[in-house]
Amino acid sequence: MNRTGFLIALAVAAVVGLVFGIFPSLDLKFSAPFFDAEGRGFWARIDPILLWVRELSSWLVALVVAPAVFALVLKLALPRRPLLVPGRAIVVMLATLAFAPGLLANVVLKDHWGRPRPIDVIEFGGDDHFVPWWDPRGECPKNCSFIAGEPSGAFWTLAPAMLVPPPWRAFAVGGALAFGAGVGLLRIAGGGHFVSDVVFAGVFTFLVIWLTHGLIYRWAATRITDAAVERALERVAMPGHDALMRLIARIRALSRRAGRGRDVVKRPLAI
């Protein structure tokens, strides 16, 4: 997670932004091979195998984040137990998932950047006018094309990839990039997004991950330790946990008293 990755991401954003800004019709040309003008439209959106692959990609993202979620929930439920996943890894994975695909892609941009999806533009049988990636004044009212949401989630797998041990990190990062690109191609083929939507989804997601990783791991002014995360979770969870344990103990004590009372009532009188 060094400065080289940051510079590469900026270079990709600059090149793609400039080229697709000056020649916006490139987005239409890249989407055109997936469009059947004879009646099926974007055939990939109804292909059962590709629909299954799309569903599988969402489950893969959920599977990747599941260990962090499970470790966090277990720690909050049993705060005296050590975390099963390093604390900083949990923070990076959950924070970047919430901020990149969650907040930035699906709330801030997709609901406020009115770029219509390929399937909705006039060139592909829709009713809306095509606009380039930089223009938020399109006719899409909500859940629009820029940036691509599902590819953003797929590119998010760069976050856990950056946390694997160094000998395997390059393979993990390459796999995450391939996964994001594959999901992006699937959405382009289905008429859900343009190429520029997918590229910027990858760039923005990477930048969120790069910034979060720097804050948590690299920069002296803000970096923290796994132990600090664990102690913070314990401070949050312990009061509630202790109160729950006291309540359970009280209920058990009342139950035992009630049981002894029933025994006394049932005991036969001595003659």
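The values are calculated or read from the model by the stated rules, or taken from the named source; none is laboratory data. Since the model is a prediction, treat every value here as computed from it, not as a measurement. Note that we place each Cβ from the backbone using ideal geometry, even for glycine, and neighbour counts take in every protein chain shown. What goes into the accessible areas is simple: the full protein's heavy atoms, side chains included, and nothing from ligands, DNA or RNA. Shrake-Rupley method; radii C 1.70, N 1.55, O 1.52, S 1.80 Å.
State which residue pairs qualify: first residue among the acidic types (Asp, Glu) and inside the range 24-38, second residue in a helix (DSSP H, G or I) and open to solvent by 50 Å² or more (accessible area, probe 1.4 Å) in any location, beta carbons under 6 Å apart, and separation of 6 or more residues or different chains.
Once the first residue is among the acidic types (Asp, Glu) and sits in the range 24-38, its partners that are in a helix (DSSP H, G or I) and open to solvent by 50 Å² or more (accessible area, probe 1.4 Å) give 36/43.
Please find, within the range 39-58, the residue that is modelled with the lowest pLDDT out of those that are over 18 Å from the mean Cα position of the chain (by Cα) and open to solvent by 90 Å² or more (accessible area, probe 1.4 Å).
40
Please work out if residue 216 is touching a helix residue (DSSP H, G or I) at 6+ places or on another chain (Cβ under 7 Å) and either in a loop (DSSP other than H, G, I, E, B) or under 25 Å from residue 31 (Cβ atoms) (or both). Break it down into steps so the answer makes sense when it comes.
Numbers: touching a helix residue (DSSP H, G or I) at 6+ places or on another chain (Cβ under 7 Å): yes; either in a loop (DSSP other than H, G, I, E, B) or under 25 Å from residue 31 (Cβ atoms) (or both): no.
Criteria not met by residue 216.
Could you please tell me which pairs satisfy a Cβ distance under 8 Å, a separation of 6+ or placement on different chains, a first residue in the range 116-142 that is farther than 14 Å from residue 25 by Cα and open to solvent by 60 Å² or more (accessible area, probe 1.4 Å), and a second residue that is among the aliphatic types (A, V, I, L, M) and assigned to a loop (DSSP other than H, G, I, E, B)?
From the range 116-142, the pairs are 125/37; 137/131.
Kindly indicate which of 69, 61, 16 is surrounded by 15 or more Cβ atoms within 10 Å (Cβ to Cβ), over 22 Å from the mean Cα position of the chain (by Cα) and touching a residue at least 24 places away in the same chain (Cβ under 8 Å).
Details: 69 fails: over 22 Å from the mean Cα position of the chain (by Cα); 61 fails: over 22 Å from the mean Cα position of the chain (by Cα).
Result: 16 is the single residue among 69, 61, 16 that is surrounded by 15 or more Cβ atoms within 10 Å (Cβ to Cβ), over 22 Å from the mean Cα position of the chain (by Cα) and touching a residue at least 24 places away in the same chain (Cβ under 8 Å).
Within 21 Å of residue 108 (Cα to Cα) and in contact with a strand residue (DSSP E or B) (Cβ under 9 Å, 6 or more places away or on another chain): which single residue out of 138, 191 fits that description?
One residue alone meets the criteria, 138.
Which count do you get for residues in the range 155-212 that are open to solvent by 30 Å² or more (accessible area, probe 1.4 Å), outside any helix (DSSP H, G or I) and of a type outside the set (A, V, I, L, M, F, W, C)?
Final tally of qualifying residues: 1.
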